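One structure is given below, encoded as structure tokens.
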């Protein structure tokens, strides 16, 4: 061996830098919308955790009454998406005390699992020139998962009005009709 470093050798630092570069390129601005008929809406911006591809909820929290007009709801969602974009990468230590589910007035919520039993969730993200809204489903462990059913997803152009965004959220929150209903 000559003692010279190999040109093919890649350091851990180079790998991390490349992963971050790729994440920035395909990064989505993301928010979650939680809804309960009595509590209203909780709208939370998300950001990517440093040294990971995991999403974390970041403060502050946007709230809205259940009766909010669709235009105002859409404006609050856009505000959270902008907050997501500005957050960039976050350190988990900076947001580990942000337990938004504790900010509800409902009894019986002692953790995220009990929160998810009572709140519907819509994942909202911007990627490129599209806005995608997905009505999430609750799994047995108390987490939300993406549905396999494409009917629970609405795709809008980025140029969609705030009112159109609010109406899309309302549409996804509508209870499913039973087979006996016309």
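Quick rundown of the values:
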| item | result |
| --- | --- |
| Exposure proxy order (Cβ contacts within 10 Å, fewest to most) of 77, 15, 154 | 15, 154, 77 |
| Per-selection metrics, the stretch 109-164 (Cα): Rg and Dmax in Å | 13.5, 39 |
| Residues 155, 137 arranged by fewest to most Cβ contacts within 10 Å | 155, 137 |
| Fewest-first sequence of 18, 163 by Cβ atoms within 10 Å of each Cβ | 18, 163 |
| Kirkwood hydrodynamic radius of the stretch 27-173, from inverse mean 1/r over distinct Cα pairs, in Å | 15.5 |
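Here, each number is a calculation from the coordinates, and none is a lab measurement. All of these numbers come straight from a predicted model, not from anything done at the bench. Quick reminder, even Gly has a Cβ in these numbers, built from the backbone with ideal geometry, and neighbours come from all protein chains shown.
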